[in-house]
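Take a look at the structure set out below.
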Amino acid sequence: MKRLLALSLPLMMQLSGCSAEITEYRQQQPTLDIFQYFQGETQAWGMVQDRSGKQLRRFHVDINGDVLGDTLTLNERFVYDDGEKQQRVWHIRKVSADRYEGTAGDIEGVAKGQAAGNAFNWHYSMNVKASGRTWLLNFDDWMYLQDANHLFNKTEMKKFGLTVGTVTLFFSRKTQ
């Protein structure tokens with residue numbers, strides 16, 4: 001019985017949904033400073049997948065970032081593979097050395113984020129249109145800086161605590 005329990009413990013931990021803590025990335029380099037990374041022009045390519053992993057949509061994003069004092073404004077212009085266009089404007093404020101708050105038109109309330117090392121974790125609720133309805137989904141958004149110009153982003157979208165989909169993005173800064 002003890003042997004069976006010891007063998008099944010790692011599987012149970014995976015199934016229970018243990019997630020990383022932002023502090024686990026404190027020593028990872030290069031350090032991600034979202035104000036520095038998103039200042040200027042950035043492009044991203046991404047996809048949306050349902051909970052089974054089936055790709056639902058692909059998209060491209062042109063992003064212009066402007067820093068003024070303690071606020072980063074991101075103007076995001078999305079073009080989806082079906083031709084739909086969407087725009088989102090984020091206003092992200094640095095509230096301490098490693099903590100951030102943000103707002104945007106389709107975000108409910110205030111997004112909360114924290115940075116450590118090469119990672120940034122962002123939590124927010126967004127109104128998402130799908131199947132002719134609008135759904136309020138909770139986003140657990142993780143960004144990882146690869147090098148000075150490239151950033152990976154993986155997001156879980158949840159409803160009632162259950163993952164309903166994921167978004168994966170790859171960012172590239174436009175070098176001056």
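The values are calculated or read from the model by the stated rules, or taken from the named source; none is laboratory data. A quick note: this is a predicted structure, and the numbers were derived from the prediction, not measured. Here the Cβ positions follow ideal geometry from the backbone for every residue, glycine too, while neighbour counts run over all protein chains shown. Calculation scope for accessible area: heavy atoms of the full protein, side chains included, ligands and nucleic acids excluded. Shrake-Rupley method; radii C 1.70, N 1.55, O 1.52, S 1.80 Å.
Checked against (1) in contact with a Phe, Trp or Tyr (Cβ under 7 Å, 6 or more places away or on another chain); (2) under 21 Å from residue 22 (Cβ atoms), residue 156 passes all but condition (1). For region 150-160, the tally of residues that are in contact (Cβ under 8 Å) with a residue 40 or more places away in the chain and either over 25 Å from residue 64 (Cα atoms) or out of contact with any strand residue (DSSP E or B) (no Cβ under 6 Å at 6 or more places or on another chain) (or both) stands at 0.
Highlighted here are the strands (runs of 3 or more DSSP E) found entirely within region 52-110 that include at least 3 residues which are among the aliphatic types (A, V, I, L, M): 55-68, 71-80. Only one of the numbered conditions (1) among the hydroxyl-bearing types (Ser, Thr, Tyr); (2) touching a residue at least 60 places away in the same chain (Cβ under 8 Å); (3) under 23 Å from residue 32 (Cα atoms) is violated by residue 163, and that is (3).
At positive phi and surrounded by 14 or more Cβ atoms within 10 Å (Cβ to Cβ) - does that describe any residue in region 70-77? No, the conditions are met nowhere in region 70-77. On the stretch given as region 86-124, residues that are open to solvent by less than 30 Å² (accessible area, probe 1.4 Å) and among the polar types (S, T, N, Q) total 2. Counting the residues of region 148-163 that are open to solvent by 60 Å² or more (accessible area, probe 1.4 Å) and part of a strand (DSSP E or B) gives 6.
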